[in-house]
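First comes the structure, then the notes that go with it.
The values are calculated or read from the model by the stated rules, or taken from the named source; none is laboratory data. Computed from a predicted model, the values in this text were never measured in an experiment. Cβ placement follows ideal geometry from the backbone for every residue including glycine, while neighbour counts extend to all protein chains displayed.
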Amino acid sequence: MVLKNTFRLGLLLLAGCGGGGGSTPDTPPVPPPAAGAPCVAQASPPPIPDVTLQSLASGLVSPVQVTHAGDGSGRLFIVEQRGTLRVYQNGQLAGGFFLDIRTRVTAGGETGLLGLAFHPQFKTNGRFYVNYTAPGPLRTVIAEFTLGAAATLEASERQVLVINQPFSNHNGGQVAFGPDGYLYIGMGDGGSGGDPQGNGQNLATLLGKLLRIDVDRREPGLEYAVPADNPAWTAAGARREIWAYGLRNPWRFSFDPLNGELYAGDVGQNAREEIDIVKKGLNYGWNVVEGDSCYPAGAICNLALYEPPIIVHTSAAGWHSITGGVVYRGQSAPALCGVYVYADYIGGFVRALRYSATGGVFQQRDLVSLPGISSFGHDEGYEVYAVGHTSGELYKLIAR
Ligand SMILES: [Ca+2]
Ligand SMILES: [Ca+2]
């Protein structure tokens, strides 16, 4: 299916200095400050309730992410794929841009400004990180910006990690700080269809991986350090930045604010969409496995060698491009506490599940239908929001 190969994000759209330095890579970063108390679900939680997605704002241009800065400001930050950051505060979308790097970004299809993560100490150090696609040669740039470090915010850019992209699709896009204070980066398999370069299973490339780096320190020749307790890969030429591998296009992943569990939505090839719990050093299967089956269809493989998804949705059931979500940990809807909410960009399913490490997925249901959701995110109180890539709207998840 050409659609799955050339384009997962939609029929869309558009289009060094500061930070780091200092001590040894062995010193862990300062943990993030507590940003409000995540709710704790009951031992036997109630059924997942009905919800609505309430529109808070419209007129966004191909938004791909909503998140918060953890700075107590109450602001939501919205990533627009063309290369701009917008702010929603006090019930309205602010005019102007928080950041505008349109001249550095190539945007359209699955390329663009794709992700944003605020440093856990953003309030004091003013640093945040983005993932964008740059042209000539096509590449993913993980860049740091620092408030007050240059004449303009845009001029404060420090490129932390640059990864060449062999094809325009499957660029991942998510960046997020874990509870350990390290930056996690989702990288797709490079693109085309079926992972023709075999990147997913090749530990010598950063493509098709979940990466973990320390942006507060630098090693010689790098703009970051690799944490000493990253997996100890033994394969020849293996990259130390790799936290987990065998991913096709982990467009969106997130950490459960309560327990740090890492949920990733990995977009499938033609048949299966999946949610994974990503753990250190594990192999999630691509391109030997798609979802819970050997790939390509009819191939023989040993599924026991690969970490299975916690849930699979098939194209036969209408799923074609999964949007990994977030776990609700807010205070306003106790019945939603601990529920992971995610979607399918094309099929329009907005779906919920409860997962536990011991019991797996023990509740699940469809919530509402809304095609074109590109991302879910939290505010500082762990209420849940979403953005509509095609609708240009910001939504809030409300329990009914
Ligand atoms: Ca690519
Ligand atoms: Ca997999």
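Okay, here's what the table says:
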quantity	calculated
Given (1) within 25 Å of Lys280 (Cβ to Cβ); (2) assigned to a loop (DSSP other than H, G, I, E, B); (3) away from ligand 2 (no atom under 16 Å from the Cβ), number of the condition Gly200 does not satisfy	(3)
The lone exception for Ile277 - which of (1) of a type in the set (Val, Ile, Thr); (2) more than 25 Å from Arg354 (Cβ to Cβ); (3) crowded, with 16+ Cβ neighbours inside 10 Å it fails	(2)
Matching residues, segment 318-347, being buried (at least 24 other Cβ atoms within 10 Å of the Cβ) and in contact with a Cys (Cβ under 6 Å, 6 or more places away or on another chain)	Arg329
Test result for Gly181, out of contact with any Pro (no Cβ under 9 Å at 6 or more places or on another chain), on the phi > 0 side of the Ramachandran plot and more than 16 Å from ligand 1 (Cβ to nearest atom)	no
Val226 being surrounded by fewer than 24 Cβ atoms within 10 Å (Cβ to Cβ) and among the β-branched types (Val, Ile, Thr)	yes
Within segment 270-312, tally of residues that are within 16 Å of ligand 1 (Cβ to nearest atom) and in contact with a strand residue (DSSP E or B) (Cβ under 9 Å, 6 or more places away or on another chain)	1
Cys294 vs. criteria over 23 Å from Leu114 (Cβ atoms) and buried (at least 16 other Cβ atoms within 10 Å of the Cβ)	yes
Residue that is nearest to ligand 1 (Cβ to nearest atom) [pool: residues in segment 197-219 that are in contact with a strand residue (DSSP E or B) (Cβ under 6 Å, 6 or more places away or on another chain) and among the β-branched types (Val, Ile, Thr)]	Ile213
Hits in segment 245-261 (condition: within 14 Å of the chain's Cα centre (by Cα), part of a strand (DSSP E or B) and either within 14 Å of ligand 2 (Cβ to nearest atom) or of a type in the set (Gly, Ala, Ser) (or both))	Phe253, Ser254
Breaking point among (1) over 24 Å from Asp276 (Cα atoms); (2) surrounded by fewer than 21 Cβ atoms within 10 Å (Cβ to Cβ), for Ser192	(1)
Among the residues listed as Val288, Val267, Val278, the single one being at pLDDT 95 or above, over 21 Å from Leu116 (Cα atoms) and of a type in the set (Val, Ile, Thr)	Val288
Within segment 368-400, tally of residues that are part of a strand (DSSP E or B), among the small types (Gly, Ala, Ser) and within 16 Å of Tyr328 (Cβ to Cβ)	4
Residue within segment 154-162 that is more than 9 Å from ligand 1 (Cβ to nearest atom), closer than 17 Å to Val267 by Cβ and β-branched (Val, Ile, Thr) present	no
Residue in segment 253-269 that is more than 26 Å from Gly338 (Cα to Cα) and more than 16 Å from ligand 1 (Cβ to nearest atom) present	no
Residue satisfying all of: in segment 123-162; touching a Cys at 6+ places or on another chain (Cβ under 9 Å) and aliphatic (A, V, I, L, M); surrounded by the most Cβ atoms within 10 Å (Cβ to Cβ) among these	Ala149
Entirely in segment 129-187, the strands (runs of 3 or more DSSP E) that have 1 or more residues that are within 12 Å of Arg104 (Cβ to Cβ) and under 21 Å from the mean Cα position of the chain (by Cα)	139-146, 158-164
